[in-house]
Amino acid sequence: QEHIKPPHHFRAPRCKEGGAMVSSGARARTGPLRRLLVLVGLALFALRPRMNFLNLVKARIAGSSGLAGTGNHNLIVPLRPHTASSSGPRVQANADPGTAAFTFTDWATALQFLAALSPAILVEILVLPPVQRLLTSLGVREDPDSRDYVTGSDGTIKVQRGFDFQAWEKQRQNPERYWQILSATLGNSTMLSRLQGPLLALNIVAAAVLIYNVNLVPTGFPSLQLPALPFTLSSFVLGLLVTFRTNTSSNRYTLARNNWGDILNVSRDLIQTAFLWVKDEEAARDFARWVPAFSLALMCHLRDPRSHDLREELRAAAGPGDTATGLGRGLTEEEITEIVERPVGMNAPHFVLHRLRLKLEAMGFGVNDQRRVLMEYNITRLINDMGSCENIFATPIPLGYTKHTARFLYVWLLLLP
């Protein structure tokens, strides 16, 4: 339910920290910086002239196979297997093969390793908070405070906003929207923040396999290969698993969105019928004030308690402050306190519906009056929508299925290089 943005006058979710309400997306993340330092350390180690790992390995292999001279003080280490006519570069090594001089081939190897790690380095740089702030100042990335984020996601899962005329007009722009999509991948998209860890591990493994095949296999190391047939056969199963999980997630979102739409329609119908059928206008107005309280109470009931304060949300239920007085006022403080301090065993939306039924009974309709039957039926629909939303919240996609799918996909990608 947190992926569905509530009506426009609702405030953005805020998390309580230290007594203040702060946006969850404003927290600084140090994980990308640590991973970036690891990547830079790997690159510097590969570029270090006097401690080159590949030279050390090649020298040990050459010394054990008799390719070098018999004296330890005059060891010649070939960087590639040489024939009699080969005139390739040779490295004059000292007693310690690890101090072999750095040659053009070593520079090429190190730069090749650095280039192989460039996607992971680029991702780690882009998700750094200073870089994100720079992209925001340049207009490439929208202001994070202008969006709502799912509570507890640390600003990595956005709450989807409802479209208006401007959003649809922007969506239909061609070819400008394609460039906006590409720029959003670097700035506004939260995909990189959520996938940076797995992408980093996969990139390091792929770069290590590349360096191993290009530099160590020619020196005598065994060639490690996996047959392509298992990957070909398992790709169909993996595709079905990922597709099923995607369809299940879409169906859950669609069901939640339909429930929210039905709540909106029933609320409008209840208010309209109350003013049409109730002769006492003040009683109809009092009934109408309690209807939006159900939507607010249900939102706070389904979301993380840290994201919303029920009392504050009920105060804002009447809309902007200039229309929340007089005939347009919302619930009184006594009524709000009654909801917050409701009897034990009743959640807030259930208590609001209970009060709506009591007010409907006090309107003077007969037991068999068709008007009362229709309004009672609408309240029953709200109860059904509340139960459906609670089922979606309490019943995720089977955890065993999601975990095994993620593990299968990760191992499949890890072994692919």
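The values are calculated or read from the model by the stated rules, or taken from the named source; none is laboratory data. Keep in mind that this is a model prediction, so the values were computed, not measured. Methodologically, a virtual Cβ is constructed for each residue, glycine included, from the backbone with ideal geometry; neighbour enumeration extends over all protein chains shown. Note: accessible area is taken over every heavy atom of the protein model, side chains too, but ligands, DNA and RNA are not part of it. Shrake-Rupley method; radii C 1.70, N 1.55, O 1.52, S 1.80 Å.
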Name the residues in the range 226-257 that are under 19 Å from the mean Cα position of the chain (by Cα) and of a type in the set (Phe, Trp, Tyr), would you? TYR253
Restricting attention to the range 188-226, which residues are in contact (Cβ under 8 Å) with a residue 60 or more places away in the chain and in contact with a Gly (Cβ under 9 Å, 6 or more places away or on another chain)? SER193, GLN196, GLY197
Answer yes if at least one residue in the range 198-211 is open to solvent by 40 Å² or more (accessible area, probe 1.4 Å), at pLDDT below 80 and assigned to a helix (DSSP H, G or I), and no otherwise. no
Assess whether ASP145 counts as being part of a loop (DSSP other than H, G, I, E, B), among the acidic types (Asp, Glu) and modelled with pLDDT of 70 or more. no
Regarding GLU312, is this residue open to solvent by 40 Å² or more (accessible area, probe 1.4 Å), modelled with pLDDT of 90 or more and either in contact with an Asp or Glu (Cβ under 9 Å, 6 or more places away or on another chain) or in a helix (DSSP H, G or I) (or both)? no
Just wondering, is there one or more residues in the range 330-338 that are in contact with a Phe, Trp or Tyr (Cβ under 9 Å, 6 or more places away or on another chain), at pLDDT 90 or above, open to solvent by 40 Å² or more (accessible area, probe 1.4 Å) and not hydroxyl-bearing (Ser, Thr, Tyr)? yes
Within the range 234-250, the residues that are open to solvent by less than 60 Å² (accessible area, probe 1.4 Å) and closer than 18 Å to PRO396 by Cα are LEU241, VAL242, THR248, SER249, SER250
Residue count, the range 212-242, condition part of a helix (DSSP H, G or I) and over 17 Å from TRP412 (Cα atoms), comes to 8
Which listed residue is touching a residue at least 24 places away in the same chain (Cβ under 8 Å), of a type outside the set (A, V, I, L, M), open to solvent by 30 Å² or more (accessible area, probe 1.4 Å) and over 30 Å from LEU111 (Cβ atoms), from TYR178, TYR253: TYR253
For the range 148-175, enumerate the residues that are open to solvent by 60 Å² or more (accessible area, probe 1.4 Å) and part of a loop (DSSP other than H, G, I, E, B). ARG161, GLY162, PHE163, ASP164, ARG172, GLN173, ASN174, PRO175
